[in-house]
Amino acid sequence: MADASFLAWPFFGPEHRELRSKALAIASQSLAGLVDHHDVDGSCRALVAALGRHGLLRHAVTALDGGRRDRLDVRSLCLIRETLAYHAGLADFAFAMQGLGTGPITLFGSTEQRRRYLPAV
């Protein structure tokens, strides 16, 4: 993996260093065998399921909807995406697609929309 000295920058805290370490372990150990370039749709379903099982998708919603934090943390999202992309571009794509769906609902959705769509993440 690329140099991680950037994690010492003042806007990254211990929780970001821990998250990057967790994402690195998940990407290198659990996602590698899930990408089948002959079945991209199936691969995406398997990747999203694995990302959910390992708790990475909880960073795409707020605590109110089962997420990790009270507010979305862009630093965490970027660390996850950079780590996933390094190991498998399709894993980053699958994660990003979840965020594209959950982000607007998390930030601007009605209570009913949040209740209907976000718990599944």
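Suppose R0 equals 35 Å. What FRET efficiency, 1/(1 + (r/R0)^6) with r the Cβ-Cβ distance, do Glu112 and Phe11 give to the nearest 0.05? List each step's numbers first, then the result.
On the way: r = 35 Å, r/R0 = 1.01.
E(calc), rounded to 0.05, equals 0.50.
Which value at 222 nm does the chain reach when only helices count, each DSSP H run of 4 or more adding -39,500 (n - 2.57), with the total divided by all residues and rounded to the nearest 500 deg cm²/dmol?
Details: 5 runs with 71 residues, N = 121.
Dividing the helical sum by the residues of the chain leaves -19000 deg cm²/dmol.
Go through (1) 8.1; (2) 7.4; (3) 9.9 and flag the label whose value is the computed mean projected area of the Cα convex hull in nm² for this structure.
This structure yields the entry labelled (2).
Read-outs throughout are calculated quantities, based only on the coordinates presented, and are distinct from any laboratory measurement. Not measured: the values here are computed from a predicted model. Counting neighbours? That spans all protein chains shown, and the Cβs are built from the backbone with ideal geometry, glycine included.
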